[in-house]
Amino acid sequence: MANSFKSATNVWVVTDTAGFSVDSTMNPVVVAEVIYVPSAVADDLVFQDGDASEDAIVLKAGASDASPIHKSFRPQGKRINNLTCTTIDGGTAYVYFL
């Protein structure tokens, strides 16, 4: 499965490709929340602000379980320029935009 943006629901689904950026026409984006469903223990998910090359969102599965991880930035959201997934060890991330 490839990374994809679902315009009807405003959700970016990230599954397997680090280095993948959200469409540049959506720059900057406002992230409402991220749900990460890791495939194994200790899986990492990192999104960077591509303009600053700094980590903006970092999620890590636990050392003993791979339960889904939910991070909310509601109600105002988190504004990120040139949002790029720099690391995804496994699993699927659902990024919801405002």
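The values are calculated or read from the model by the stated rules, or taken from the named source; none is laboratory data. Not measured: the values here are computed from a predicted model. As a convention, Cβ positions derive from the backbone with ideal geometry for all residues, glycine included, and neighbour counts pool all protein chains shown.
Observations on the model:
- Considered as a group, the residues in the stretch 4-35 that are among the charged types (D, E, K, R) and in a strand (DSSP E or B) include one that is modelled with the lowest pLDDT, and that residue is 6.
- Within the stretch 40-50, the residues that satisfy the criterion of being assigned to a loop (DSSP other than H, G, I, E, B), over 11 Å from residue 93 (Cβ atoms) and in contact with a strand residue (DSSP E or B) (Cβ under 9 Å, 6 or more places away or on another chain) are 42, 50.
- Elements of type strands (runs of 3 or more DSSP E) contained in the stretch 52-98, each with 3 or more residues being surrounded by 15 or more Cβ atoms within 10 Å (Cβ to Cβ): 54-60, 83-88, 92-97
- The number of residues in the stretch 27-76 that are over 14 Å from the mean Cα position of the chain (by Cα) and among the basic types (Lys, Arg) comes to 1.
- Count of residues meeting criterion [farther than 20 Å from residue 3 by Cβ and hydrophobic (A, V, I, L, M, F, W, C)] in the stretch 67-91: 1
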